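For reference, the structure is listed below as structure tokens.
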Amino acid sequence: MKFYKVPGLSVAVIKDFKIAWAKAYGVKDLQTKEPVTTDTLFQAGSISKSVNATIAMKKVEQGKISLDDNINDKLVTWKLPENELTAKSKVTLRKILSHTAGTTVHGFPGYAINDKIPTLTQILDGAPPANTPAIRVDLEPGTQYRYSGGGITVSQLALMDIEKKPYPQIANQTVLKPLGMTNSTYSQPLPSSWRPKAATGYRTNGKEVEGKIHIYPEMAAAGLWTTPTDLAKFAIEMQLSLAGRSNKILTKQSVETMTTAVKDQAGLGFFISKFGNAVYFGHGGSDEGFTSQLLVSRDKGYGVAVMINSDAGGILEEVVRAVAKEYGWDGILPPPYETISLDAAKLRAFTGRYRVNPDRVLTMKVEAGDNAARPNKLVAYPTTGMPFELLPVSETTFVRRNAGLKYEFVKDETAGTFNAVRITGPNGSTNAPRISADDLVPFELLTSGKVDAAMERYRQIKKDTPLNNSVDAGRLINDGYNLMQDGKLSEAIALLKVAIDLYPKSTDAYDLLGEAYETNGQKDLAVATYKKSLEVNPQNANAREKLKKLGGQ
């Protein structure tokens with residue numbers, strides 16, 4: 001937790017179809033220092049979708065909706081606009097829950113406490129004050145998997161139209177109350193009576209989320225407040241149903257349907273993972289300042305739920321792997337490596353910079369070790385993100401604790417020095433050549449103030465290899481967002497200009513650049529940028545709302 005700068009963590013472990021134990025660590029608020037307990041509430045993020053799918057499947061069992069009928073047949077207060085794509089294949093509940101409906105909008109940033117909160121129909125139409133685009137169909141339904149929180153929000157409205165009740169009430173009556181999930185609610189905003197039990201959300205840099213927590217009217221997709229213990233109760237019921245031992249909510253057949261992949265690894269509300277003959281299901285979650293993970297065995301009675309009040313989700317995988325190791329879960333972990341000890345002189349031979357792709361470098365450093373048996377260690381510092389230790393398993397080969405990657409240093413026999421590192425993972429290997437200290441990748445050029453040189457390099461990469469991940473629009477925008485969160489506004493502005501230069505039709509890039517200008521006190525530039533965003537997409541409700549706020553129109 002100290003390494004990842006995570007204030008609070010809560011975990012519940014499932015064994016033999018029961019909660020074996022639940023524990024909490026750290027604080028739920030850095031100012032008050034109030035400790036996290038197993039009853040502390042965290043935002044579950046997209047794990048909300050798993051519970052939502054269970055609610056929807058119950059309505060299927062009750063004959064109130066079909067998995068395979070046109071969703072518009074059940075929508076009353078709003079209709080998903082039809083087009084030439086939906087004429088070929090209808091949007092159905094099965095497709096929505098498996099992210100194969102072709103709907104837009106990946107996820108939701110939520111709303112700060114003092115923001116104006118949109119209605120559900122405003123969110124669906126991308127109308128002010130919604131901060132995300134309209135939810136529409138732009139891929140032929142059923143043809144491919146594409147994650148869509150937007151589609152899940154359509155299912156939320158369908159359930160509300162069917163039951164003629166608020167969504168939190170539907171969720172409570174259908175799943176939460178029957179399973180004794182007494183520390184769980186979909187109510188947004190979180191009711192004042194619940195607020196003292198809730199943790200405060202934090203960024204990876206330790207900064208508090210604006211207003212401590214965000215509000216998610218997109219409840220089915222991201223709005224569940226809960227605890228690992230309550231998530232474990234939910235998961236155990238799914239496991240017992242699959243084993244034919246319980247049907248408090250759903251029949252065995254319904255849960256089998258949910259935990260069978262439709263496309264790729266997506267089932268209905270769950271993602272399915274196979275490790276040899278072992279099958280697991282679960283979901284991850286990420287709201288602003290909160291991250292979580294639920295992973296359980298499909299055929300055996302074990303699993304784990306972990307929740308933190310931080311964006312630093314890397315710790316979740318470490319906890320899951322530790323539990324899997326301790327309890328001997330099938331297939332999750334590869335055969336263990338035997339690590340060895342290398343002295344400082346041998347480790348120093350590997351120090352230096354290695355270019356892993358056109359815009360990322362790993363810098364290897366030798367640092368003081370953790371104990372007398374290991375007085376020195378090799379640490380890799382990526383261009384962005386958290387550093388990680390490399391553990392030696394041979395004289396030239398290293399592994400890491402938190403990823404299934406192997407790093408093999410390659411020697412130039414003529415020079416007698418290591419001139420590359422071969423990085424091997426599940427999808428193959430890549431060679432990262434050693435580069436000099438003054439050989440900067442574009443991101444480094446940009447953050448060191450050499451904006452024009454960085455721009456030219458990015459353009460060249462896009463020209464030579466247009467599909468290279470280094471110049472992917474989403475990656476550039478995400479890097480810009482992270483720079484903003486770190487308070488590096490001038491660097492963020494420069495990188496978002498690169499994104500716009502390469503992707504002049506990206507409203508996301510324009511909107512984030514406008515926000516960066518606004519945060520930097522450059523109101524005129526913010527207004528001009530939001531206006532440009534509206535020129536690119538006249539339906540951009542976020543840009544229109546920002547301009548109204550800034551007095552730009």
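A few comments on the model shown:
- Hey, E408 over 30 Å from T519 (Cβ atoms), surrounded by 15 or more Cβ atoms within 10 Å (Cβ to Cβ) and of a type in the set (D, E) or not: yes
One line per residue, one yes/no per condition, for (1) among the β-branched types (V, I, T); (2) modelled with pLDDT under 95; (3) part of a loop (DSSP other than H, G, I, E, B); (4) open to solvent by 10 Å² or more (accessible area, probe 1.4 Å):
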| position | (1), (2), (3), (4) |
| --- | --- |
| Y280 | no, no, no, no |
| S292 | no, no, no, no |
| L295 | no, no, no, yes |
| M307 | no, no, no, no |
| S310 | no, no, yes, no |
| E317 | no, yes, no, yes |
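- Hits in the stretch 358-391 (condition: assigned to a strand (DSSP E or B) and of a type in the set (A, V, I, L, M)): V361, L362, M364, V366, A368, L378, V379, A380, L390, L391
Results for (1) of a type outside the set (V, I, T); (2) modelled with pLDDT of 95 or more; (3) open to solvent by 20 Å² or more (accessible area, probe 1.4 Å), shown as yes or no for each residue.
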residue: E218; (1), (2), (3): yes, yes, no
residue: L224; (1), (2), (3): yes, yes, no
residue: G244; (1), (2), (3): yes, yes, yes
residue: L250; (1), (2), (3): yes, yes, no
residue: S254; (1), (2), (3): yes, yes, no
residue: V323; (1), (2), (3): no, yes, no
residue: I332; (1), (2), (3): no, no, yes
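- The stretch 387-444, residues that are of a type in the set (V, I, T) and within 27 Å of the chain's Cα centre (by Cα): V399, I423, T424, T430, V441
- Test: residue in the stretch 193-201 that is of a type in the set (S, T, N, Q) and surrounded by 15 or more Cβ atoms within 10 Å (Cβ to Cβ): yes
- Residue among N482, N431, N427, N419 that alone is among the polar types (S, T, N, Q) and surrounded by fewer than 13 Cβ atoms within 10 Å (Cβ to Cβ): N427
- In the stretch 34-63, residue surrounded by the most Cβ atoms within 10 Å (Cβ to Cβ) [restricted to those that are among the small types (G, A, S) and outside any helix (DSSP H, G or I)]: A44
- Only residues that are under 22 Å from the mean Cα position of the chain (by Cα), free of Cβ contacts under 8 Å to residues at least 24 places away in the same chain and over 18 Å from R355 (Cβ atoms) were counted in the stretch 452-473, giving 0.
- Some residue of the stretch 265-276 being in contact (Cβ under 8 Å) with a residue 24 or more places away in the chain and of a type in the set (S, T, N, Q): no
- Residues that are touching a residue at least 40 places away in the same chain (Cβ under 8 Å) and over 16 Å from M364 (Cβ atoms) within the stretch 404-429 comprise just one, G404.
- Tally of residues being outside any strand (DSSP E or B) and aliphatic (A, V, I, L, M) across the stretch 392-444: 5
- Residue match in the stretch 90-103 (condition: crowded, with 19+ Cβ neighbours inside 10 Å, under 30 Å from V209 (Cβ atoms) and not aliphatic (A, V, I, L, M)): yes
- Test set (1) touching a residue at least 60 places away in the same chain (Cβ under 8 Å); (2) in a loop (DSSP other than H, G, I, E, B); (3) in contact with a Lys or Arg (Cβ under 7 Å, 6 or more places away or on another chain) - Y354 fails condition number: (2)
- Residue selected from the stretch 237-252 under the condition polar (S, T, N, Q), without any contact (Cβ under 8 Å) to a residue 40 or more places away in the chain and outside any helix (DSSP H, G or I), by the criterion farthest from L176 (Cα to Cα): S246
The values are calculated or read from the model by the stated rules, or taken from the named source; none is laboratory data. If you're wondering where the values come from, they're calculated on a predicted model, not measured in any experiment. Ideal geometry is used to build each Cβ from the backbone, glycine not excepted, and the neighbour counts take in all protein chains shown. Surface accessibility is based on the protein's heavy atoms, side chains included, excluding ligands, DNA and RNA. Shrake-Rupley method; radii C 1.70, N 1.55, O 1.52, S 1.80 Å.
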